[in-house]
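A.B. asks: Shown below is the structure under consideration.
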């Protein structure tokens, strides 16, 4: 099922029992070689801070610290970045995996389309890990993978926000490529570019939601209703601090940036703790200048 109707979607979702791994078994990342802010991406990513000075050495140090933090939880594979692809530090928008497939997105901007052509990454996942390649770059719809599509992996449910970075044709292509049981399509708010800044599904049992990031507020209300007491609602200021750009890398550990973690209030922290989660905060102020945060830096291997 793929639909814009939240009522129909959640009626279907109610019968989808968790029967698949909710969290990745390893992650992959790309180092921030030649780190800078890409002008093309700034045309539709309002989180970027184009006037801020960028310290490439600081970006590398933050990225190494992030790798180290995640390695205490999961194995980490880090590919070298490329100075010609300055946004490559956010690989989850370009490459995604299921247990059987490597999926490559159809990126809107040419600076990101160059990332999708990386033959070494393609060969690693297809030849070394034996995944079947599904290249969505040749189909007409724009689809920036798990930037635009937030997935409840345990249930096979997708939440796809439509914007300049993902259209309906792209959403349908991703629904098929990921083999999802059901996908809910909805429009993001006018100034949003990716769903994973306004929504995260944590280990299939909790949701972190910024209602202001959705065009129709009934959609986040329906998502929150599905996850019940495990739905954490964010304010606009918390969304701007990337609190929605978090990721559960185990059934217990949720990783987010130090800025995002500091924005949470005591009641939200208790809500996450009551849902069985421990927060792992990693400072990354330089990397966040590029308009993404911790979840954007992490590609999941299932």
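A.B. asks: Taking a ≥ b ≥ c as the square roots of the Cα gyration tensor eigenvalues, with a/c under 1.5 meaning rounded and otherwise prolate when a/b beats b/c, else oblate, which class fits the range 137-221? It would help to have the intermediate numbers written out before the result.
C.D. replies: Numbers: a/c = 1.95, a/b = 1.12, b/c = 1.74.
It comes out oblate by the Cα gyration axes.
A.B. asks: Of the peptides 104-113, 71-80, how do they stack up when ordered by the mean number of other Cβ atoms within 10 Å, highest first?
C.D. replies: Working: 104-113: 21.3, 71-80: 14.4.
The most tightly packed comes first, giving 104-113, 71-80.
A.B. asks: Moving on. Using the number of other C-beta atoms within 10 angstrom as an exposure proxy, rank 208, 219 with the fewest first. Kindly include the intermediate steps, with their values, before the conclusion.
C.D. replies: On the way: 208 31, 219 24.
Ascending Cβ contact count within 10 Å gives the list 219, 208.
A.B. asks: A follow-up question, please. Which log10 I(q)/I(0) values does the range 117-175 give at q = 0.22, 0.23, 0.24 Å⁻¹ under the Debye formula, counting every alpha carbon as one identical point scatterer?
C.D. replies: For the requested q values the scattering log ratios are -0.93, -0.97, -0.99.
A.B. asks: Taking square-rooted eigenvalues a ≥ b ≥ c of the alpha carbon gyration tensor, is the range 162-302 rounded, prolate or oblate, where a/c under 1.5 means rounded and, failing that, a/b exceeding b/c means prolate? All intermediate terms of the calculation are to be shown ahead of the outcome.
C.D. replies: Values: a/c = 1.39, a/b = 1.29, b/c = 1.08.
Rounded shape, in that the Cα axes give a/c under 1.5.
A.B. asks: Now for a separate question. Hey, in the GNM for the chain with a 10 angstrom Cα cutoff, which one of 281, 14, 57 fluctuates hardest?
C.D. replies: In this elastic network of the chain, the residue with the biggest mean-square fluctuation among 281, 14, 57 is 14.
A.B. asks: Another one. Over all directions, average the projected area of the Cα convex hull of the range 249-288 and note it in nm².
C.D. replies: Details: hull surface 11.2 nm².
Value for the range 249-288: 2.8 nm².
A.B. asks: Separate question: Counting each DSSP H run of 4 or more residues in the chain as -39500 (n - 2.57), what helix-only mean residue ellipticity at 222 nm follows after dividing by all residues, to the nearest 500 deg cm²/dmol?
C.D. replies: On the way: 11 runs with 85 residues, N = 302.
For the chain, the value works out to -7500 deg cm²/dmol.
A.B. asks: Also: When the Kirkwood radius is taken over all Cα pairs of the range 86-206, what Stokes-Einstein diffusion coefficient follows at 25 °C and 0.890 mPa s, in µm²/s? Walk me through the intermediate numbers first.
C.D. replies: Numbers: Rh = 14.3 Å.
The calculation lands on 171 µm²/s.
A.B. asks: Okay, next question. When ranked by the protection proxy of mean other Cβ atoms within 10 Å per residue, highest first, what sequence do the peptides 237-243, 156-162, 272-278 form?
C.D. replies: Put in order of decreasing packing, that is 156-162, 237-243, 272-278.
A.B. asks: Now for a different question. If only Cα atoms are counted, what is the Rg of the range 2-301, and what is its Dmax, in Å?
C.D. replies: 17.4, 50
A.B. asks: On to the next question. On average, how much area does the Cα convex hull of the range 76-152 cover when viewed from any direction, in nm²?
C.D. replies: Values: hull surface 21.3 nm².
Mean shadow area of the hull around the Cα atoms is 5.3 nm².
A.B. asks: Now for a different question. For the range 2-301, what relative contact order do you get, as a whole percent, if you take Cα pairs closer than 8 Å and at least 6 residues apart?
C.D. replies: On the way: 666 pairs, mean separation 69.1, N = 300.
Reported relative contact order: 23 percent.
We did not get these values from a lab; they are worked out from the coordinates using the rules stated. Since we're looking at a predicted model, the values are computed, not measured. Every residue, glycine among them, receives a Cβ derived from its backbone with ideal geometry; neighbour counts consider all protein chains shown.
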